[in-house]
1. What is the residue count in segment 29-52 for residues that are touching a Gly at 6+ places or on another chain (Cβ under 8 Å), surrounded by 21 or more Cβ atoms within 10 Å (Cβ to Cβ) and of a type in the set (Ser, Thr, Tyr)?
2. Please go through (1) under 24 Å from residue 15 (Cα atoms); (2) among the small types (Gly, Ala, Ser); (3) within 15 Å of the chain's Cα centre (by Cα) for residue 48 and return the number of the only condition it doesn't satisfy.
3. Can you name every residue in segment 75-90 that is buried (at least 20 other Cβ atoms within 10 Å of the Cβ) and part of a strand (DSSP E or B)?
4. Of (1) on the phi < 0 side of the Ramachandran plot; (2) aliphatic (A, V, I, L, M); (3) modelled with pLDDT under 85, residue 68 satisfies all except one. Which?
5. When the residues of segment 91-114 are filtered to those that are aliphatic (A, V, I, L, M) and assigned to a strand (DSSP E or B), which remaining residue is modelled with the highest pLDDT?
6. So which residues in segment 75-94 are closer than 19 Å to residue 146 by Cβ and aliphatic (A, V, I, L, M), if there are any at all?
Amino acid sequence: MSAPDRGIPEEVMEHAKCIAVVPHLLKGGFVFGAENGRGVATCRTAHGWSAPAFFAVTGGSWGLQIGVEGVDLVMIIQNDRGMQQLLSSQFELGGDVSAAAGPVGRHASAGTDWKLNTEILTYSRARGAFAGLTLTGAVIHRDGDSMRAIYGDRGTRAVLTGRVAAPPSAKQFLNAVRGAKAQAVAAGQ
């Protein structure tokens, strides 16, 4: 958000239904490849942002590829269909929901449809060396172990719709989301 020429535009943050963050997605391959990471998501409720729900990203790929990289990934879920998929126990990017690289810069261009008719806009920062052309299918599913450890028997839907209070350990993440939203609103004024 703080990089004016490469950050997530405030228009995207202002209209976000949910925000999902994978702080370290590991991707690697040599002809056949795999990717794996864990993340947290929060959705807008009538009272602010929900408690974070935990999920995992796994995927495989095939194609001309070689290398290993770590990716920090932010997914902005922009509409009700994308939010409903996030509330489900599992969905596939590109199969169940459409995803596209989001626009960057301080403002999304008024002459371009920045929503791109996709459910999820993705932003990433990669480290490592990876090159290739692949056919990828990434699946996002509930991280049951983490959810049970923090929330017991409560499900993802209850957490992301605001029916479960955020634990104290979620304070830093929720403050970062609120800060990014406040920064976007302040920059737009």
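1. 1
2. Going through the list (1) under 24 Å from residue 15 (Cα atoms); (2) among the small types (Gly, Ala, Ser); (3) within 15 Å of the chain's Cα centre (by Cα), residue 48 breaks only (3).
3. 75, 76, 77 - these are the residues of segment 75-90 that are buried (at least 20 other Cβ atoms within 10 Å of the Cβ) and part of a strand (DSSP E or B).
4. In the conditions (1) on the phi < 0 side of the Ramachandran plot; (2) aliphatic (A, V, I, L, M); (3) modelled with pLDDT under 85, residue 68 misses (3) alone.
5. Of the residues in segment 91-114, the ones aliphatic (A, V, I, L, M) are 93, 97, 99-101, 104, 108, 110.
Subset that is assigned to a strand (DSSP E or B): 93, 97, 99-101.
Values: 93: 70, 97: 59, 99: 63, 100: 64, 101: 64.
My answer is 93.
6. First pass over segment 75-94, keeping only residues closer than 19 Å to residue 146 by Cβ: 75, 86-91.
Scanning segment 75-94 gives 75, 86, 87.
The values are calculated or read from the model by the stated rules, or taken from the named source; none is laboratory data. Because the structure is predicted, anything quoted here is derived from the model rather than measured. Here Cβ is always computed from backbone atoms with ideal geometry, including for glycine, and neighbour counts include all displayed protein chains.
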